[in-house]
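The values are calculated or read from the model by the stated rules, or taken from the named source; none is laboratory data. Computed from a predicted model, the values in this text were never measured in an experiment. Using ideal geometry, Cβ is built from the backbone for each residue, glycine included, and neighbour counts are taken over all protein chains shown. These accessible areas exclude ligands, DNA and RNA; they are computed on the full protein's heavy atoms, side chains included. Shrake-Rupley method; radii C 1.70, N 1.55, O 1.52, S 1.80 Å.
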Amino acid sequence: MQFSKSVDYALHALIHLAHSERDQNIGIKELSATLGVSESYLSKIMSKLRQDGIVRAVPGVNGGYELAKQAEQITFLEVIQVIEGRQQLFECSNMNSRQHRLLTEEKAAEKQEDRPRECVCLVKQVMDGAERQLNRYLEEQTIQSVLEAASKRGSCDENKK
């Protein structure tokens, strides 16, 4: 599993916006130069974040982008879902094979004669459990938590001295 570059740029852009002085928006030129990405590509990412209410576009000559909500309210999971979409990471595609039937278990609640039997793939159960744990972790991580960790650690340049 690998997240797209768009997720990377979105998270870094949000951290940059949160780190900038309050009440100061950042123009797309400055933001794209800081991140090392084209303005047009970054504009598409920022547009998605704006549509979901994570950032706000400030119009005008000195316009740009600013956070639409507090940095501690913006989770990594939310950003990933805005950029990548809200889909499951794993889908069992081998449903009709003999192997699949060997790796299923009948749901206990579904063992009634008037209902058709429903089987759950054990591989899918494992993968769904992993996805739930990943989502919980990503939901705990916020833009603010990264800023706090960075301020405690210092920059890589300072550590080299």
Options Glu66, Glu78; residue that is within 15 Å of the chain's Cα centre (by Cα) and either modelled with pLDDT of 85 or more or more than 28 Å from Leu134 (Cα to Cα) (or both)
Glu78
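In the stretch 52-66, what residues are assigned to a strand (DSSP E or B), within 22 Å of Glu139 (Cα to Cα) and not charged (D, E, K, R)? Full working, then the answer.
Applying the first criterion (assigned to a strand (DSSP E or B)) to the stretch 52-66 yields 55-58, 64-66.
Remaining after also requiring within 22 Å of Glu139 (Cα to Cα): 55-56, 66.
Passing the criteria: only Val55.
Filter the stretch 1-15 down to residues that are at pLDDT 95 or above and not charged (D, E, K, R), then give me how many there are. Explain how you work it out, then say what you get.
Keep residues of the stretch 1-15 that are at pLDDT 95 or above, which gives 5-15.
Remaining after also requiring not charged (D, E, K, R): 6-7, 9-15.
The qualifying residues number 9.
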Pull out all pairs, ordered by first then second residue, where Cβ-Cβ is under 8 Å, the residues are six or more apart or on different chains, the first lies in the stretch 134-152 and is in contact (Cβ under 8 Å) with a residue 40 or more places away in the chain and surrounded by 12 or more Cβ atoms within 10 Å (Cβ to Cβ), and the second is aromatic (Phe, Trp, Tyr) and assigned to a helix (DSSP H, G or I).
Leu138/Phe76; Glu139/Phe76; Gln141/Phe76; Thr142/Phe76
Filter the stretch 1-46 down to residues that are under 18 Å from the mean Cα position of the chain (by Cα) and among the basic types (Lys, Arg), then give me how many there are.
2
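Do you know which residues across the stretch 14-26 are out of contact with any Phe, Trp or Tyr (no Cβ under 8 Å at 6 or more places or on another chain) and either open to solvent by less than 80 Å² (accessible area, probe 1.4 Å) or not basic (Lys, Arg) (or both)? Explain how you work it out, then say what you get.
Quick first cut of the stretch 14-26, residues out of contact with any Phe, Trp or Tyr (no Cβ under 8 Å at 6 or more places or on another chain) only: 14-16, 18-24.
Correct list: Leu14, Ile15, His16, Ala18, His19, Ser20, Glu21, Asp23, Gln24.
Any residue at all in the stretch 83-101 that is of a type outside the set (Asp, Glu) and modelled with pLDDT of 95 or more? Break it down into steps so the answer makes sense when it comes.
To start, the set of residues in the stretch 83-101 that are of a type outside the set (Asp, Glu) comprises 83, 85-90, 92-101.
Remaining after also requiring modelled with pLDDT of 95 or more: 83.
Yes - at least one qualifying residue is present in the stretch 83-101.
Please pick out the residue among Leu49, Leu31 that is in contact with a Gly (Cβ under 9 Å, 6 or more places away or on another chain), surrounded by 14 or more Cβ atoms within 10 Å (Cβ to Cβ) and not in a strand (DSSP E or B).
Numbers: Leu49 fails: in contact with a Gly (Cβ under 9 Å, 6 or more places away or on another chain).
Result of the check over Leu49, Leu31: Leu31.
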If the Cβ limit is 7 Å and pairs must be 6+ apart or interchain, which residue in the stretch 67-92 that is closer than 24 Å to Gln24 by Cβ and assigned to a helix (DSSP H, G or I) pairs with which residue that is basic (Lys, Arg) and open to solvent by 40 Å² or more (accessible area, probe 1.4 Å)?
Val82/Lys48
Which is aromatic (Phe, Trp, Tyr), out of contact with any Phe, Trp or Tyr (no Cβ under 7 Å at 6 or more places or on another chain) and open to solvent by 50 Å² or more (accessible area, probe 1.4 Å), of Tyr9, Tyr41?
Tyr41
